[in-house]
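The values are calculated or read from the model by the stated rules, or taken from the named source; none is laboratory data. Computed from a prediction, not measured in an experiment: that's the story for all the values here. Cβ: placed from backbone, ideal geometry, glycine included. Neighbour counts: every protein chain shown.
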Ligand code: GLN
Ligand code: ZN
């Protein structure tokens, strides 16, 4: 008989209960309600999975903040500065590591593979000791057993744990493997003694490019874990193909292997021939990263093939990865059109699907009927109005190669723009948004709830735009912005105005800690029924003689921060977005906007996990950006903005965007990004952020002069722009005003010096 399971469940709760509980605790320091909420959520999620028919639920997938941080705490991999607090008040110490407090700064945070989830990076050092320091996995397992639920503790595997950590001294984290393994062995013993039958060891790093030393570390680690008393071990891999690590993964001494058959169905044959028959194969057959109902015509052949090759006694069916990356319950989305809702599967629906597949494979007629019904729904989806629109497809298919081109070379454009815009050397500007004041937030909420009409709302926005323009004129910025007061979110604002998008009410996904995002759903062909930003930009420009920068979110970023349809390739969806935005660019130009910024903060995070896939991704991503900006006249200055400072590996792609000006984050890293420009002569202009907008601290003029001088050691004076790191929407006016005044003064001081 086929078994069913899942690798992890969303923690935040269907109504973001955990978020609320966390934020209350952070305010009042009262732990009891937080811990009660956490416990209730765990129980609810296990019961929900059991009700869906799942045989073994996951435990220790839950976390109050982050599972990598939990692993660090579990093995006492804690920097000394937190220890006193941790001893006095473990919960306060834990959150100090996660998010800092008045005295202690937080651990670093970074992206979890190619997802939008951020994990806390454990901070290790050479010679570090580990010991088993907590019993969270066992405690959660006991909690489930008390409810009569069969459970499997989820652990981050030792090698991935080390690979995802960093050392303060720059030493190789894998050097610590020998001292870490005994702590894992002790944990496995503890679990086995308590009667735990299986543990899950997550090793997502097995889908990355690994060097020989790392492969060796895998062998050493798993050989050592196999020696002691231990529950059976399920080694899980996800987010891609094992590729050249396949032999390694199938030969490690474990009792089961989970593979991702959604992103990498092609690996099934080789896994079937390499994996010993008595091992459990956990087949990740439905997408844990997206929200669409699975296509039985894709899934059934895969699982039938497995059953034919090795029977079903050692077969588990599961989603491809943890369900952390999807919302919980699509049936809550009653405001969506019924047909669209019927195409969606969030975590709960995915578990039901898994159950249907298992039962259908075992010959159950009801399950087969349910899958037939699902196929019928998906056939209807293909034909539904708006999913495929001929005019959108035709435009994408008949694009001329010219579409990716500006009219002249960057060098020529620079001369034309210098004359047209007549900017001083070291021009000053901002990244787009200005502080979102309470007045704006209330006006937006009132407008959404229809407590105020369009006219009143727009008057509030116009007033704000005028205030922002006058402010910028007064302090002497050179290229102005309208401040983006009309935008709730840089993707949602555009999605709401484009065809092919839908928005959920409760479709929240954890981004980090209590922070959640609600990605739009791209379900149909994308087009732009009418201009989206032109009226606001035109109004702002009408108030001043200085150039006002039009502000758009680029196609790659919209794609990256949405749930994307699974019936069209990502590059094609991106192309449709690019064409819609291209029309906006041209309309802005016709409305007299001479500077247009196309933000692509997510360009880098879209990079695939495997290096071999970088170039094809960058190819289409760059092409889409170029199509968005293509065809504009030489005098129109195209800017782009990116919020990260690791630049070296993609600098050629960034240059290939052919933007006239790019602004990038760099102040926190003290202009480290400039290293990238030492060997690579960047052809366009660059605004490396001169102050960190993520902090309320007001930087001094001298600090910014220093940073700019450092920038001038690698950049030509004619290349350098002066701007903050990112948009100012999360800042208050109190710090924004003095910071920008100091920034403008820094530019002025330096102008006289060069
Ligand atoms: N233009 C946007 C802003 O200023 C850019 C935001 C971002 O880079 N994430 O808010
Ligand atoms: Zn930014």
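The numbered conditions (1) surrounded by fewer than 24 Cβ atoms within 10 Å (Cβ to Cβ); (2) at pLDDT 95 or above; (3) touching a helix residue (DSSP H, G or I) at 6+ places or on another chain (Cβ under 6 Å) are all true for residue 298 except (3).
Restrict the check to region 178-192 and report whether at least one residue is part of a loop (DSSP other than H, G, I, E, B), touching a residue at least 12 places away in the same chain (Cβ under 8 Å) and touching a helix residue (DSSP H, G or I) at 6+ places or on another chain (Cβ under 8 Å). Talk me through it step by step, then tell me what you get.
Taking region 178-192 as the starting set, the residues that turn out to be part of a loop (DSSP other than H, G, I, E, B) are none.
For region 178-192, residues part of a loop (DSSP other than H, G, I, E, B), touching a residue at least 12 places away in the same chain (Cβ under 8 Å) and touching a helix residue (DSSP H, G or I) at 6+ places or on another chain (Cβ under 8 Å): absent.
Somewhere in region 588-598, is a residue buried (at least 18 other Cβ atoms within 10 Å of the Cβ), at pLDDT 95 or above and within 16 Å of ligand 2 (Cβ to nearest atom)? Yes, the conditions are met somewhere in region 588-598.
Being touching a residue at least 60 places away in the same chain (Cβ under 8 Å), surrounded by fewer than 16 Cβ atoms within 10 Å (Cβ to Cβ) and more than 14 Å from ligand 1 (Cβ to nearest atom) is the filter here, so list the residues in region 717-736 that pass it. Passing the criteria: 717, 718, 732, 733.
Under 22 Å from the mean Cα position of the chain (by Cα), under 25 Å from residue 295 (Cβ atoms), crowded, with 22+ Cβ neighbours inside 10 Å and within 16 Å of ligand 1 (Cβ to nearest atom), is that true of residue 560? Walk me through it before giving the result.
On the way: under 22 Å from the mean Cα position of the chain (by Cα): yes; under 25 Å from residue 295 (Cβ atoms): yes; crowded, with 22+ Cβ neighbours inside 10 Å: yes; within 16 Å of ligand 1 (Cβ to nearest atom): yes.
Criteria met by residue 560.
For the condition touching a strand residue (DSSP E or B) at 6+ places or on another chain (Cβ under 9 Å), within 16 Å of ligand 2 (Cβ to nearest atom), touching a residue at least 12 places away in the same chain (Cβ under 8 Å) and at negative phi, what is the one hit in 524, 554, 550?
Numbers: 524 fails: within 16 Å of ligand 2 (Cβ to nearest atom); 550 fails: within 16 Å of ligand 2 (Cβ to nearest atom).
Within the list 524, 554, 550, the selection yields 554.
When 189, 146 are checked against the criterion of being under 30 Å from residue 50 (Cβ atoms) and loosely packed, with under 15 Cβ neighbours inside 10 Å, 146 stands alone in meeting it.
Residue pairs whose Cβ atoms lie under 7 Å apart, separated by 6 or more positions or on different chains, with the first residue in region 634-651 and in contact (Cβ under 8 Å) with a residue 40 or more places away in the chain and closer than 14 Å to residue 672 by Cα and the second within 10 Å of ligand 1 (Cβ to nearest atom) and part of a loop (DSSP other than H, G, I, E, B), are 643/601; 643/665; 643/726; 644/665.
In this structure, is residue 584 part of a helix (DSSP H, G or I), within 16 Å of ligand 2 (Cβ to nearest atom) and touching a residue at least 12 places away in the same chain (Cβ under 8 Å)? Don't jump to the end; show me each part of the working.
Working: part of a helix (DSSP H, G or I): yes; within 16 Å of ligand 2 (Cβ to nearest atom): no; touching a residue at least 12 places away in the same chain (Cβ under 8 Å): yes.
It is false that residue 584 is part of a helix (DSSP H, G or I), within 16 Å of ligand 2 (Cβ to nearest atom) and touching a residue at least 12 places away in the same chain (Cβ under 8 Å).
Could you tell me which residue of region 316-332 is nearest to the chain's Cα centre (by Cα), considering only residues that are more than 21 Å from residue 240 (Cβ to Cβ) and crowded, with 22+ Cβ neighbours inside 10 Å?
We begin by selecting, within region 316-332, every residue more than 21 Å from residue 240 (Cβ to Cβ); these are 327-332.
Cutting the leftovers down to crowded, with 22+ Cβ neighbours inside 10 Å gives us 327-328, 330.
Working: 327: 14, 328: 18, 330: 21 Å.
The qualifying residue nearest to the chain's Cα centre (by Cα) is 327.
Of the residues 107, 124, 156, which is free of Cβ contacts under 8 Å to residues at least 40 places away in the same chain and in contact with a strand residue (DSSP E or B) (Cβ under 7 Å, 6 or more places away or on another chain)?
Working: 124 fails: free of Cβ contacts under 8 Å to residues at least 40 places away in the same chain; 156 fails: free of Cβ contacts under 8 Å to residues at least 40 places away in the same chain.
So the residue among 107, 124, 156 that is free of Cβ contacts under 8 Å to residues at least 40 places away in the same chain and in contact with a strand residue (DSSP E or B) (Cβ under 7 Å, 6 or more places away or on another chain) is 107.
Checked against (1) outside any loop (DSSP other than H, G, I, E, B); (2) surrounded by 20 or more Cβ atoms within 10 Å (Cβ to Cβ), residue 288 meets all criteria but (1).
Given the residues 233, 263, which is the only one that is surrounded by 19 or more Cβ atoms within 10 Å (Cβ to Cβ) and part of a loop (DSSP other than H, G, I, E, B)? So that I can check it myself, show each step before the final result.
On the way: 233 fails: part of a loop (DSSP other than H, G, I, E, B).
The unique qualifying residue is 263.
Rundown of residues vs (1) more than 16 Å from ligand 2 (Cβ to nearest atom); (2) within 30 Å of residue 488 (Cβ to Cβ); (3) not in a helix (DSSP H, G or I), yes/no style:
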position	(1), (2), (3)
715	yes, no, yes
729	no, yes, yes
737	yes, yes, no
741	yes, yes, no
748	yes, no, no
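Scanning region 236-259 for residues that are part of a helix (DSSP H, G or I), without any contact (Cβ under 8 Å) to a residue 40 or more places away in the chain and over 12 Å from residue 204 (Cα atoms) yields 244, 246, 247, 250, 251.
Residues that are away from ligand 1 (no atom under 16 Å from the Cβ) and in contact (Cβ under 8 Å) with a residue 40 or more places away in the chain within region 654-670 comprise 658, 660, 670, listed in sequence order. Reported count of residues in region 331-378, each being over 30 Å from residue 520 (Cβ atoms) and in a helix (DSSP H, G or I), is 10. Output yes when any residue across region 474-491 is in contact (Cβ under 8 Å) with a residue 60 or more places away in the chain and loosely packed, with under 13 Cβ neighbours inside 10 Å, and no when none is. Checking region 474-491: not a single residue is in contact (Cβ under 8 Å) with a residue 60 or more places away in the chain and loosely packed, with under 13 Cβ neighbours inside 10 Å.
All of (1) farther than 25 Å from residue 569 by Cβ; (2) free of Cβ contacts under 8 Å to residues at least 40 places away in the same chain hold for residue 305 with one exception: (1). Residue count for region 422-455, restricted to those that are touching a residue at least 12 places away in the same chain (Cβ under 8 Å) and either more than 26 Å from residue 471 (Cα to Cα) or crowded, with 17+ Cβ neighbours inside 10 Å (or both): 15.
When you look at residue 494, is it within 16 Å of ligand 1 (Cβ to nearest atom), surrounded by 20 or more Cβ atoms within 10 Å (Cβ to Cβ) and under 29 Å from residue 545 (Cα atoms), yes or no?
Details: within 16 Å of ligand 1 (Cβ to nearest atom): yes; surrounded by 20 or more Cβ atoms within 10 Å (Cβ to Cβ): yes; under 29 Å from residue 545 (Cα atoms): yes.
Against the criterion (within 16 Å of ligand 1 (Cβ to nearest atom), surrounded by 20 or more Cβ atoms within 10 Å (Cβ to Cβ) and under 29 Å from residue 545 (Cα atoms)), residue 494 qualifies.
Listed by position, the helices (runs of 4 or more DSSP H) inside region 402-513 whose residues that are more than 27 Å from residue 580 (Cα to Cα) and modelled with pLDDT of 95 or more number at least 1 are 410-421, 438-448, 454-475.
Answer with yes or no whether residue 704 is on the phi > 0 side of the Ramachandran plot and more than 16 Å from ligand 1 (Cβ to nearest atom). For residue 704, the condition - on the phi > 0 side of the Ramachandran plot and more than 16 Å from ligand 1 (Cβ to nearest atom) - is not met.
Checking the stated criteria, residue 593 turns out to be in contact with a strand residue (DSSP E or B) (Cβ under 9 Å, 6 or more places away or on another chain), within 16 Å of ligand 1 (Cβ to nearest atom) and assigned to a loop (DSSP other than H, G, I, E, B).
Answer with yes or no whether residue 201 is more than 23 Å from residue 47 (Cβ to Cβ) and either in contact with a strand residue (DSSP E or B) (Cβ under 6 Å, 6 or more places away or on another chain) or part of a strand (DSSP E or B) (or both). The answer is yes for residue 201.
Are any of the residues in region 75-92 within 22 Å of residue 13 (Cα to Cα), in a helix (DSSP H, G or I) and free of Cβ contacts under 8 Å to residues at least 12 places away in the same chain? Scanning region 75-92 turns up no residue that is within 22 Å of residue 13 (Cα to Cα), in a helix (DSSP H, G or I) and free of Cβ contacts under 8 Å to residues at least 12 places away in the same chain.
Yes or no: region 429-437 includes at least one residue that is away from ligand 1 (no atom under 16 Å from the Cβ) and out of contact with any helix residue (DSSP H, G or I) (no Cβ under 8 Å at 6 or more places or on another chain). Outline the logic, then answer.
Here is the first cut: in region 429-437, the ones away from ligand 1 (no atom under 16 Å from the Cβ) are none.
For region 429-437, residues away from ligand 1 (no atom under 16 Å from the Cβ) and out of contact with any helix residue (DSSP H, G or I) (no Cβ under 8 Å at 6 or more places or on another chain): absent.
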